[in-house]
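Nothing in this text is a laboratory measurement; each read-out follows from the coordinates by a stated rule. Just so it is clear, the structure is predicted and the values come from calculations on it, not from any experiment. Here the Cβ positions follow ideal geometry from the backbone for every residue, glycine too, while neighbour counts run over all protein chains shown.
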Amino acid sequence: MTSPDPRTLPVLNLGYLGVYSPEPAQWLPYATDVMGAMAAEEGDAIRVKIDDRSHRITVHRAERGGLAYLGFEVQGPLELELSEQVLGNAGVPYERLEGEKVEDRKVAALLRFADPAGNSVELFYGHHRDYEFQSPAGVSRFVTGEQGLGHAVVIVPDLDRTLDFYLRVFGFKISDIAVKGGNRTVFLRCGPREHTLALLQVEGVTSPRLHHFMVEVDDIDDVGCAYDRVQDNGVQVQLTLGRHTNDSMISFYCKTPAGFLMEYGCQGKWMKPTDAATTMTKGDVWGHRFVKSGQGVNDSLRKS
């Protein structure tokens, strides 16, 4: 195991995600019947569980759906102390949370700060582990462990400034760059997962927002069964089944009760630390056809 770079945050993965939703209770059937996850109500929030950790997603009540916070995991207390030094040296204001907030996140210790786009970011260690995960929908396994929850794609108003922050302060590496019209996306990694965070700049968007989060399952049958469950439960499919060129993932995208998207996939590519950044000239090997709102998947395919 190599020593962490003392100039950058020693982040392992995206450990958890907090989101806002107008009606958190809608996530109970969404998590269990659509995702195949476990879910429980806790106060005014919903906890979504996909492995032996207490939770990976927390849904909080708010008037509008969106990103509440990104929770990045570090190894232990020394790494959290190093994180304080890195943030201080970079001139990033932060707070070390105590008491109820730490208990709410179900971690041992927690730092909080904002990235240049205004997204709330948390660093933690000691995430609670409780009981074994058992999918109510028969999902064989969600791919987590050293790869964490999955990934998040966030729309930011100033991509260059936000990217510089994640490169210089977090020490993330660029996996891919994509440019389409006036939109730009940079895919970033901090471990073996091809990207843990992607930053997207969209023409005309002046405030940060969550585009989608991704969860990965073990095989194509898990994805196919989830694709059926999405349609059986009347959830809007946004992009049909397809395979991406960058991370080789076979996936589909669907709406969540909060309005942003969920990507559900398998067979994501692992990266080595020395793998160079590439520029994507094509987004997909096949599939990922856009489905217009109010159209069924088959209707969309017949017209594509």
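Shown for F142, F113: other C-beta atoms within 10 Å of each C-beta, ranked fewest to most, produce the order F113, F142.
Here each label is just a point 7 Å from Cα along the line to Cβ, and for K180 and W286 those points are 1.9 nm apart. Scaling the Cα radius of gyration of segment 164-228 by the globular reference 2.2 N^0.38 Å produces a ratio of 1.37.
Which entries in K106/K269; K173/K269; K106/K255; K255/K292 show an alpha-carbon gap greater than 22 Å? Walk me through the numbers before you get to the answer.
Values: K106/K269 30 Å; K173/K269 15 Å; K106/K255 28 Å; K255/K292 12 Å.
Exceeds cut-off: K106/K269; K106/K255.
What the phi angles of segment 226-231 give under the Karplus curve with 6.51, -1.76 and 1.60, with θ = phi - 60°, is a coupling list of 5, 4, 5, 4, 4, 6 Hz, glycine and proline written as x.
Taking 7 Å steps out from each Cα toward its Cβ at R243 and R161 produces label points 4.1 nm apart.
Using a Gaussian network model of the chain with C-alpha springs under 10 Å, which one of R168, R56, R193 is most mobile by mean-square fluctuation? Result for the chain, Cα springs under 10 Å: R168 fluctuates most. Using the Karplus relation 6.51 cos²θ - 1.76 cosθ + 1.60 with θ = phi - 60°, the per-residue 3J(HN,Hα) values for segment 161-170 come to 5, 5, 4, 4, 4, 6, 6, 7, 8, 7 Hz, with x marking Gly and Pro.
Amide hydrogen proximity for H151: with H placed 1.01 Å from N in the peptide plane, the residues at 5 or more positions away or on another chain lying under 5 Å are M214. In this structure the amide hydrogen of R56, modeled in the peptide plane, comes within under 5 Å of the amide hydrogens of V48, K49, I50, none closer than 5 places in sequence on its chain.
What ranking do D247, D164 get, fewest neighbouring Cβ atoms within 10 angstrom at the top?
Values: D247 23, D164 12.
Listed from fewest to most nearby Cβ atoms, that is D164, D247.
Comparing G204, G283, G268 in a Gaussian network model of the chain (Cα springs below 10 Å), the most mobile by mean-square fluctuation is G204. The convex hull defined by the C-alpha atoms of segment 206-260 has an orientation-averaged projected area of 4.7 nm². Considering segment 13-125 at the alpha-carbon level, its Rg and Dmax are found to be 14.8, 46 Å.
Tell me the relative contact order for the chain as a rounded percent, counting alpha carbon contacts under 8 Å between residues six or more apart.
Details: 712 pairs, mean separation 53.0, N = 304.
17 percent.
Hey, for a label at E100 modelled as a point 7 Å past Cα toward Cβ, could you say which residues of segment 33-49 have their backbone N under 17 Å away? Under cut-off, by backbone N: 42-46. For segment 5-92, GluC sites (Glu not before Pro) are listed when DSSP marks them as loop and at most 11 other Cβ atoms sit within 10 Å of their Cβ; the list is E63. Taking the chain as a Gaussian network of alpha-carbon nodes connected by springs under 10 Å, the highest mean-square fluctuation of the residues G18, G148, G91 belongs to G91. Over all other residues within a Cβ to Cβ distance under 15 Å of V11, the charged ones net out to -2, with Lys and Arg as +1 and Asp and Glu as -1.
Remark on R289: its backbone amide H falls under 5 Å from those of T240, a criterion applied only to residues 5 or more positions apart or on other chains, H modelled at 1.01 Å from N. Computed from phi, the 3J(HN,Hα) profile of segment 266-277 under the Karplus parametrisation 6.51, -1.76, 1.60 (θ = phi - 60°) reads 8, 6, x, 6, 9, 10, 9, x, 8, 5, 7, 5 Hz, with x in place of Gly and Pro.
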